[in-house]
Amino acid sequence: MDDTDGFDPAAIERLRQMGGAKLAVEMLAIYLDYAPARLADVREAAPRGDLLAVQKAAHALKSTANHVGARAVRDLARQLEALARAQSAELIPDMVAELVTAMEQVRPRIESALRELQAK
């Protein structure tokens, strides 16, 4: 596990063991599409004070990130979900900023893993 970028490559191996390279490729591709969309949902809902929408988007992001080993994204999404559930709106903007950074840091690792699997 690599704590420097919040990525756990063992998660990709677990996907491969469960459903082969095809499943791993599908899950990585879904993450690359789905995660930015859920982040956009959070960024749109937070300024409006729509904490239920923030909570739902963070929950979905947490689950998707977990499957592909995006540990930092998963952990921050979990925290964001909890903040929204607790109605702690004032803390959400800083958490969103951290989430953006984590997603930017892990994206190259996810893309690299996807290219590796597609090349096999």
Unique residue being surrounded by 15 or more Cβ atoms within 10 Å (Cβ to Cβ) and either touching a Gly at 6+ places or on another chain (Cβ under 7 Å) or farther than 16 Å from MET95 by Cα (or both) when the list is ALA11, ALA37:
ALA11
Members of segment 50-80 that are in a helix (DSSP H, G or I) and over 16 Å from LEU32 (Cα atoms):
LEU51, LEU52, ALA53, VAL54, GLN55, LYS56, HIS59, ASP75, LEU76, ARG78, GLN79, LEU80
Quick check on my filter: what residues within segment 31-49 are part of a helix (DSSP H, G or I) and either at positive phi or touching a helix residue (DSSP H, G or I) at 6+ places or on another chain (Cβ under 7 Å) (or both)?
TYR31, LEU32, TYR34, ALA35, ARG38, LEU39, ASP41, VAL42, ARG43, ALA45, ALA46
Residues in segment 55-67: is at least one farther than 19 Å from ARG85 by Cβ and under 10 Å from the mean Cα position of the chain (by Cα)?
yes
How many residues does segment 59-101 hold that are crowded, with 23+ Cβ neighbours inside 10 Å and either polar (S, T, N, Q) or in contact (Cβ under 8 Å) with a residue 60 or more places away in the chain (or both)?
4
Going by the structure shown, is LEU91 in a helix (DSSP H, G or I), touching a Leu at 6+ places or on another chain (Cβ under 7 Å), hydrophobic (A, V, I, L, M, F, W, C) and within 23 Å of LEU114 (Cβ to Cβ)?
no
Return a yes/no flag: does segment 37-50 have any residue that is in contact with a Ser or Thr (Cβ under 9 Å, 6 or more places away or on another chain) and either closer than 24 Å to VAL96 by Cα or modelled with pLDDT of 95 or more (or both).
yes
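The values are calculated or read from the model by the stated rules, or taken from the named source; none is laboratory data. Remember, predicted model here, so these are calculated numbers, not experimental data. Ideal geometry is used to build each Cβ from the backbone, glycine not excepted, and the neighbour counts take in all protein chains shown.
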